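Laboratory data are not the source of any read-out in this text; all were calculated from the coordinates shown. What you are looking at is a predicted structure, and each value in this text was computed from that prediction instead of being measured. Cβ placement follows ideal geometry from the backbone for every residue including glycine, while neighbour counts extend to all protein chains displayed.
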Amino acid sequence: MPHDQVSNSVREKRKNQGLTQDQLATLVGVSRVSIVAIEGGRFLPTIETALRISQALDADLHALFRLRGAKK
Amino acid sequence: MSINYIPYYISRAAITGLFCFGNMGFTLQAALWFLAIFGLFVFYLHSGWFPADPSKPFFPLTRDAFALEVQRKALILAVTASLMFNLLLKLFPWLLSYYPWLDINMLGLGVIIYFTAQLYQFILPRRKTT
């Protein structure tokens, strides 16, 4: 389940928005455990979920998820 | 407990009550089974393992992509482990005379592995929470 090639900054963006994992999960339409797993890099979300997270956090998808070693 | 899910609580309590008291009569054992099974229904709803949709009060729980992945891995593990266990006993039947406790139901073993593997995967992500 871990995805070493993709890093994410969902936790930082969520905290910046003042949202809890529960609130983000409700906005995205997934379980709280899914958000925990995504933030911890244990689960790579589907394109749809990634886009919903990006929408909920009002952040660009590339700012949330990026390939390790890729240029910003 | 949430007021949105009252139909869920009532329907699960009715089904559980029918199953427990219908099979065992109005006994203490039936009451304890009722509490345990109904407690699991309530726990599942509020565990955070599955997204709950209040607009579907009777069937609010769904499996998202993560839950499906958890289920898929648990299923593969349960089937593989059960078959391997069965193969082991077929190849080395004398094991049973040394270890009689190995004579267990393969289906039961698979079910236990399936639920344990799911539980493990659902609990695992919480360790990383900050």
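Observations, loosely collected:
- Helices (runs of 4 or more DSSP H) lying entirely in region B:36-130 (those with 1 or more residues that are in contact (Cβ under 8 Å) with a residue 60 or more places away in the chain): B:106-123
- Qualifying residue in region B:97-104 (condition: out of contact with any Gly (no Cβ under 9 Å at 6 or more places or on another chain) and within 30 Å of B:I15 (Cβ to Cβ)): yes
- Region A:20-38 residues that are more than 8 Å from every other protein chain (Cβ to nearest Cβ), paired with ones that are part of a helix (DSSP H, G or I) and not β-branched (V, I, T) (beta carbon under 7 Å, 6 or more apart): A:L24/A:R14; A:L24/A:A56; A:L27/A:A56; A:V28/A:R52; A:V28/A:A56; A:I35/A:Q21; A:I35/A:L24; A:I35/A:A25
- Selection within region B:23-39 - under 19 Å from the mean Cα position of the chain (by Cα), exposed (fewer than 13 other Cβ atoms within 10 Å of the Cβ) and not small (G, A, S): B:L32, B:L35
- Test: A:L61 is among the aliphatic types (A, V, I, L, M), more than 8 Å from chain B (Cβ to nearest Cβ) and under 22 Å from B:W49 (Cα atoms): no
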